[in-house]
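Structure record follows, encoded as structure tokens.
The values are calculated or read from the model by the stated rules, or taken from the named source; none is laboratory data. Keep in mind the model is a prediction, meaning the values are calculated, not measured. Virtual Cβ from ideal backbone geometry, glycine too; neighbours counted across all protein chains shown.
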Amino acid sequence: MNSGKRALLAGIGAALPLGLLASPALAEVSSESAYIFNTLSFLICGFLVMFMAAGFAMLESGMVRSKNVATICVKNIALFSIAGLMFWLIGYDLMYGIDEGGYIGTFSLFWAADDAAALAATADFSGGYSASSDWFFQMVFVATAASIVSGTVAERVKLWPFLIFVAVLTAVIYPIQGSWEWGAGWLDAEFGFSDFAGSTLVHSTGGWAALMGALIIGARKGKYGPDGRVNPMPGSSMPLATLGVFILWLGWFGFNGGSQLALGSAADAIAISNIFVNTNVAAAGGVVAAMIASQIMYKKVDLTMALNGAIGGLVSITAEPLAPGIGAAILIGAVGGVLVVVAVPLLDKLKIDDVVGAIPAHLVCGIWGTLAVPITNSDASFGGQIVGIVAIGLFVSIASAIVWMILKVTVGVRASEEDEELGLDRSELGMEAYPEFGRGSQIG
């Protein structure tokens, strides 16, 4: 998802011989074919990224206790819906209606004006792809950022205040910082900041918002003892969490592959294929490295660390999944897996309660992946990457903290101790995810 839509998808017609392009009729056909393939790539990859919503729902459901599973499911389907509506109402034009080198776009509704040109009597395919397909692809990204927050603050945040935060995040906070790079804003124009598919713009953004929420809401009741002891709170289903990670892994091919933004030439097809390979091996490297690191640190292999190692590897390669060779991609993902294992106990020492480990996997690995871009991409610089990381981190953290604090002092964001002890499924929804095993089965 590079700046300026990669100069309007320069791959259009690039694979055709010059002799064919000399014919106006054939040139028009080639433009239409590229338009179709580019649009199809956006839609198929968008489907895959949308499926990541199911992955997050399953991962979080497995990592929380049984008494909070139904609430997690509601939050995940609601946040995806809210993200779609808010990105249409405000977010898309705020992100892509920005002037080159600017700081903020326009507050207006998205509408697919470019599509009308392609359907006119004198069809114009210069847009490169359907505008609606682009909106769909970008929308599922903003929903991913919101999902990261959900897992961190699970089991103690109230439903409606959380969804209000999601509305602000997806409508305003995410699009503004995203416009600075993907909308050809100031980070792209002035510093050459590079984030191919969103290690910082999506994952660290969600991580910073989650971190502010965890700090302001506080830890779950009983998570940390007065003597510094960390009390484990095992999740409801490790098989469900594992399924969630496999779904996320699958969806990530659309996440990174679709960010090539084109399938109109052989060069684009090869690039997407290489991206798929690098994405896969980075995740594999993250899993193996996390397993080895947890064996060394804890004298046993921790399944939750292995699962987050996969996500950490995926997040790490997301900033630059095209340029690295396979060996470099494995190493980038492996470093992400180790960072997850190191960061989880560090958060516990700081008494920052992250239920699913999203801050280590998405924020920490997002920073690492963005910093690693210049290692394999000579067009990026460490200075430009650092500026982007710091600028986006400060903006998202401050904006998120303001929203969380306003919610805290007005409607309140944290469930009462009684509701937290009872479980948010019963206190917020009046139901249970597993009623045959819950307290409700004792009634009557």
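Which residue out of 306, 282 is more than 19 Å from residue 198 (Cβ to Cβ) and of a type in the set (Gly, Ala, Ser)? Before you say what the answer is, go through the steps one by one.
On the way: 282 fails: more than 19 Å from residue 198 (Cβ to Cβ).
Just a single option satisfies the conditions, and that option is 306.
Can you confirm whether segment 395-417 contains a residue that is outside any helix (DSSP H, G or I), under 18 Å from the mean Cα position of the chain (by Cα), closer than 30 Å to residue 322 by Cβ and in contact (Cβ under 8 Å) with a residue 40 or more places away in the chain?
Taking every residue of segment 395-417 in turn, none turns out to be outside any helix (DSSP H, G or I), under 18 Å from the mean Cα position of the chain (by Cα), closer than 30 Å to residue 322 by Cβ and in contact (Cβ under 8 Å) with a residue 40 or more places away in the chain.
Out of curiosity, is residue 102 closer than 28 Å to residue 134 by Cα, touching a Phe, Trp or Tyr at 6+ places or on another chain (Cβ under 9 Å), crowded, with 24+ Cβ neighbours inside 10 Å and among the small types (Gly, Ala, Ser)?
Details: closer than 28 Å to residue 134 by Cα: yes; touching a Phe, Trp or Tyr at 6+ places or on another chain (Cβ under 9 Å): yes; crowded, with 24+ Cβ neighbours inside 10 Å: no; among the small types (Gly, Ala, Ser): yes.
No.
Checking residue 184 against (1) surrounded by 24 or more Cβ atoms within 10 Å (Cβ to Cβ); (2) more than 15 Å from the chain's Cα centre (by Cα); (3) closer than 20 Å to residue 320 by Cβ; (4) not acidic (Asp, Glu), only one condition comes out false. Which one?
(1)
Could we say that residue 90 is at pLDDT 95 or above, within 21 Å of the chain's Cα centre (by Cα), within 20 Å of residue 202 (Cα to Cα) and among the hydrophobic types (A, V, I, L, M, F, W, C) here? Quick ask: steps written out before the conclusion?
On the way: at pLDDT 95 or above: no; within 21 Å of the chain's Cα centre (by Cα): yes; within 20 Å of residue 202 (Cα to Cα): yes; among the hydrophobic types (A, V, I, L, M, F, W, C): yes.
When the stated conditions are applied, residue 90 does not pass them.
Among the residues of segment 372-388, write down those that are in a helix (DSSP H, G or I) and either polar (S, T, N, Q) or surrounded by 15 or more Cβ atoms within 10 Å (Cβ to Cβ) (or both). Break it down into steps so the answer makes sense when it comes.
Of all residues in segment 372-388, those in a helix (DSSP H, G or I) come to 373-376, 382-388.
Selection gives 373, 374, 375, 376, 384, 385, 386, 387, 388.
Within segment 403-422, is even one residue closer than 18 Å to residue 73 by Cα, surrounded by 15 or more Cβ atoms within 10 Å (Cβ to Cβ) and of a type in the set (Phe, Trp, Tyr)?
no
For the structure I just gave you, tell me whether residue 334 is surrounded by 24 or more Cβ atoms within 10 Å (Cβ to Cβ), over 18 Å from the mean Cα position of the chain (by Cα) and not basic (Lys, Arg). Before the answer, list the steps.
Values: surrounded by 24 or more Cβ atoms within 10 Å (Cβ to Cβ): yes; over 18 Å from the mean Cα position of the chain (by Cα): yes; not basic (Lys, Arg): yes.
Yes; evaluated as a whole, the condition is true for this residue.
Could you tell me how many of the residues in segment 83-99 are surrounded by fewer than 20 Cβ atoms within 10 Å (Cβ to Cβ), hydrophobic (A, V, I, L, M, F, W, C) and out of contact with any Phe, Trp or Tyr (no Cβ under 9 Å at 6 or more places or on another chain)? Full working, then the answer.
Of all residues in segment 83-99, those surrounded by fewer than 20 Cβ atoms within 10 Å (Cβ to Cβ) come to 84-85, 88-89, 97, 99.
With hydrophobic (A, V, I, L, M, F, W, C) added as a condition, the list becomes 85, 88-89.
This time we only want the ones that are out of contact with any Phe, Trp or Tyr (no Cβ under 9 Å at 6 or more places or on another chain), so: 85.
Residues meeting the conditions: 1.
If residue 353 satisfies all but one of (1) surrounded by 18 or more Cβ atoms within 10 Å (Cβ to Cβ); (2) among the acidic types (Asp, Glu); (3) farther than 23 Å from residue 173 by Cβ, what's the number of the condition it fails?
Here residue 353 meets the rest and fails (3).
Contact list please: Cβ distance under 8 Å, first residue in segment 157-179 and touching a residue at least 60 places away in the same chain (Cβ under 8 Å) and over 20 Å from residue 135 (Cβ atoms), second residue assigned to a helix (DSSP H, G or I) and among the basic types (Lys, Arg), pairs at least six apart or on different chains.
Hits for this filter: 159/75; 162/75; 163/75.
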